[in-house]
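Coordinate-derived values only; no laboratory data. Small disclaimer: the values here were computed from a predicted structure and weren't measured. Backbone-built Cβ (ideal geometry, glycine too); neighbour counts: all protein chains shown.
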Amino acid sequence: MSFRRYILASRSPRRLELLQLVVHPVLIAVSPPGSSEEAGFNDCHDVAAIRQRMLEIARHKAEQVRSQLNADEASLFERPRTLIISADTTVIVTDATGRPMVLGQPPETDDWREVVRSWFLDYYAGQTHVAATAVHVVTPDGLSAERVVETNVTFRREVAPWLNWYLLTGEPRGKAGGYALQGAGSVFIERVEGSLSNVVGLPLEALLELFAEVSLK
């Protein structure tokens, strides 16, 4: 099966830029899910549960778009061969008790700088954390494939001298874990083990494999 239309179920300009590296921009349409509400991770007490919740979130995003697409195109005799792509990215750190903990996007409240500051000092400086993305692809008639991709990111120990400057850039806002690997946040990173595009928000290596997997079904 080949596709003539790829629908990105995301508001993220970074995911769109990444998708355009492997799919011609003319074939891409952006259709964010109608609701931005997502399930949280407070009841996820191990990495397996976190992975499962991420997949659930990605599926829910895609299903919203799939349902709307099927409703809009119900009267068409022949619809374009379409693939819907959704993703959920988060950062997984280890808390003081040794348990995994999810850091999402910084809060939209005025104290977001202090929240991000604590993340950098308590969980990032001199430590390795996991940037994880759940990717789900599905056709309008329900053929799907999915996976969670994880990348280990190690921060340099000396983050404090540049932290005030980084917070003033405003870059952490809207970023999973409060930093951007592809932006100014790169100054803090010592080592990346795994997919670089995964840390940005869409693991291209895995995405191409999912395209092939759905095509063979």
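Suppose we look only past 19 Å in the calculated P(r) of segment 140-208. What percent of the Cα-Cα pairs does that tail hold? List each step's numbers first, then the result.
Numbers: 997 of 2346 pairs.
Tail of P(r) above 19 Å: 42 percent of Cα pairs.
Neighbour counting of Cβ atoms within 10 Å sorts the residues HIS24, HIS136, HIS60, fewest neighbours leading, into HIS24, HIS60, HIS136. By the count of other C-beta atoms within 10 Å, a proxy for reagent exposure, PHE41, PHE77 are ordered fewest to most as PHE77, PHE41. Measuring between their Cα centroids, segment 13-41 and segment 85-115 lie 21 Å from each other.
Karplus-derived 3J(HN,Hα) values for segment 61-67, using 6.51 cos²θ - 1.76 cosθ + 1.60 with θ = phi - 60°, are 4, 5, 5, 4, 5, 4, 4 Hz; glycine and proline are entered as x.
What net charge do the residues around GLY126 carry, taking every other residue with its C-beta under 15 Å from that of GLY126, with Lys and Arg at +1 and Asp and Glu at -1? Taking every other residue near GLY126 into account, the sum is 0. Other residues within the sphere of radius under 12 Å centred on the Cβ of PHE3, judged by their own Cβ, net out at +4 (K and R +1, D and E -1). Spacing of the modelled spin labels on VAL22 and ARG79, each 7 Å from Cα toward Cβ, amounts to 2.3 nm.
Give me the log10 of I(q) over I(0) for the chain at q = 0.09, 0.13, 0.18 Å⁻¹, as the Debye formula computes it from C-alpha points; what are the numbers? Values returned for q = 0.09, 0.13, 0.18 Å⁻¹ are -0.38, -0.75, -1.29. Of the GluC sites (Glu not before Pro) found in segment 73-122, the ones in coil according to DSSP and having at most 11 other Cβ atoms within 10 Å of their Cβ are GLU78, GLU108.
For LEU216 and THR97 in the same chain, what is the full-extension length gain: residue separation times 0.36 nm, less their Cα-Cα distance, in nm? Mind dumping the intermediate values first?
Working: separation 119, 0.36 × 119 = 42.84 nm, distance 4.45 nm.
Going from the current span to full extension adds 38.4 nm.
For the chain, the 222 nm mean residue ellipticity estimated from helices alone, with every DSSP H stretch of n ≥ 4 adding -39500 (n - 2.57) and the total spread over all residues, rounds to -9500 deg cm²/dmol. Here, segment 1-130 is characterised by an Rg to Rh ratio of 1.06, where Rg is the alpha-carbon radius of gyration and Rh the Kirkwood radius.
Between ALA48 and LEU208, full extension at 0.36 nm per residue minus the direct alpha carbon distance yields a gain of 55.2 nm. Each residue of segment 202-216 was assigned a 3J(HN,Hα) from its phi angle through the Karplus expression (A = 6.51, B = -1.76, C = 1.60, θ = phi - 60°), giving 7, x, 5, 4, 5, 4, 4, 5, 5, 4, 5, 4, 5, 4, 7 Hz with x at Gly and Pro. Legend: ranking of residues ARG113, ARG99 from fewest to most surrounding C-beta atoms inside 10 Å; resulting order ARG99, ARG113.
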